[in-house]
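Okay, structure first, notes after.
Taken together, the values in this text are just the output of simple stated rules run on the coordinates, not laboratory data. From a predicted model like this one, the values you see are computed outputs, not experimental measurements. Every residue, glycine among them, receives a Cβ derived from its backbone with ideal geometry; neighbour counts consider all protein chains shown.
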Amino acid sequence: MSELKITLTAKEFIDAWTGAYNGVKKEDRKGYWQDNSGNIKFENIQVNENIYIPKHEQLNYLSIGNSNLRNIRIDHAKAKGFTFENTVVENFDLLSIDTNRIEVRKDTTIGALSIDNNCVLKEKFEITDGARICKVQLGARELKKVVIESSFIQNFIWKQDSFCVLNITDCKIEILKFKQAVIIKDSVFQISNTSVNLLECSTFINTAWLSISGLRPLVDYERFIIDEKEYPILKDGEYQFEPITNAKTTLRLENSDLGKTSFVNCDLTAFDEFIFYNTKMLEVFVAGTKLPTKITIPKDTENEKPSQERLAFSQFKKMADNRGDNVQATEFLALEMDAYAKQIANQEDKGGERINLWLNKFSSNWGNDWVQAVLVTIGVNSYLFTLYCFSLGYTLGEDCDLFWELLSNMSATYAALIKSCGINCWQNCSLKIVLGSFRTNFNMFLAVK
């Protein structure tokens, strides 16, 4: 796009688009012409003024290629459609427009593209073939199909709350937000083989089907250079980019209901930070996916961290249970119980429960560590058996034969120890609780494994 372009004024552009030059042919006037269908095509042009079209009954199909334009704003109009190819546009804003399609293709670069919640797109909205857009905000009243492929979007905000089929494939997205939005029943959202630096669901409800597969953290990429007012910098007709390396990545779920969402072949532990707060995930399905084991919560809710950790890990446990993965379910049970122990750590009326939780943690780490379970069981048995032997009058010595003879009877220690006349009622109950706890946890571990 460095070749010399034909400069048009905003009025010339609007007149050509709205039909003032109906019938003009490519050879008659450089920069724009009409095809056989009456659609207007602009090629190799430059418009240095803002383009604003209010209240127009029927705009021709607009096709722009290899061009540079400033701001395009259309308000309360009907248009057949739009196609941008290999073009630079500062801003493209649609307000209360009724159109068939919007296509952004072939290395087109746009500063901001916004579709407000009074717009109607009857066929599809498409971003493909290496397009780069700094900010996309979608919130149309009717938007039936969205296709985004092999492109870069720096900030993508989804505010749509009507039926839609969304497909995002092989893209790089710095910020992907589903904010104050609802996926309406019968909609289908698919995000596949896409890299994201920040994926955020905030005040979001999914009542349909959302499939996320091959999600990866976006760490190294090129982004638009932003000025102090957060506008992308344009220089000599080209947007400026800067390389980003080793960027911090975040997965954020806050005050949302993920509904029937599936994560397939996603390593969510690869994200540097998992921020969670009051989000429902009970219906989420995972396959070939690693779930986070470290939870961060919003800074203004730090006092709720144990309860939020428990809420997240209990739902992860449920996901594992639903697909029959008892091993992973037990691992998340351990994390859930650790969070619960922290939650009741300072509650005076939970003393007995804290002891029970400590015994479960100490004996086998909630059934997750068989080595710990074996060692603790042997250690407790040996200690109590030694005390029992001392109570019968035996002392430490060097008689190995007597030692092995006594050791062979250790399996019968429980009954003999409890029946011994030297143990009172309180000691009896205590021993039953301690020994029973260790034996139960060890047997539970064996059953799970």
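Some notes on this structure:
- Environment charge of PRO243, counting only residues whose C-beta is closer than 10 Å and scoring Lys/Arg +1, Asp/Glu -1: -2
- Shape category assigned to the range 235-303 from the gyration tensor of Cα positions, a/c cut at 1.5: prolate
- Applying 1/(1 + (r/R0)^6) with R0 = 56 Å to the Cβ-Cβ distance of TYR383 and LYS294 gives a FRET efficiency near 0.95.
- Length gained when the stretch SER211-ILE344 is fully extended (0.36 nm per residue, less Cα-Cα span): 44.2 nm
- Normalised per residue, the volume of the convex hull around the Cα set of the range 209-343 (Å³): 138 Å³
- Separation in nanometres of the label points that stand 7 Å from Cα toward Cβ, at ASN193 and ILE226: 2.9 nm
- Across the range 323-337, rounded Karplus estimates of 3J(HN,Hα) from the backbone phi angles (6.51 cos²θ - 1.76 cosθ + 1.60, θ = phi - 60°) give 9, x, 8, 5, 5, 5, 4, 5, 5, 6, 4, 4, 5, 5, 5 Hz, Gly and Pro being marked x.
- Proximal charge balance of ARG105 [Cβ under 13 Å; K/R count +1, D/E count -1]: -2
- Label-point separation, ARG323 to ASN246 (7 Å along Cα→Cβ), nm: 3.3 nm
- Between VAL264 and ASN117, the modelled label-to-label distance comes to 3.3 nm, taking each label 7 Å out from Cα in the direction of the beta carbon.
- Across the range 213-226, coupling constants 3J(HN,Hα) worked out from phi with the 6.51/-1.76/1.60 Karplus curve, θ = phi - 60°, read 10, x, 6, 10, x, 8, 10, 10, 6, 10, 10, 4, 7, 10 Hz, and Gly and Pro carry x.
- Using 0.36 nm per residue and subtracting the Cα-Cα separation, the extra length available between LYS55 and GLU405 on full extension is 115.9 nm.
- Between amide H atoms placed 1.01 Å from N, distances below 5 Å from THR289 occur with ASN265, CYS266, all of them 5 or more places distant or on a separate chain.
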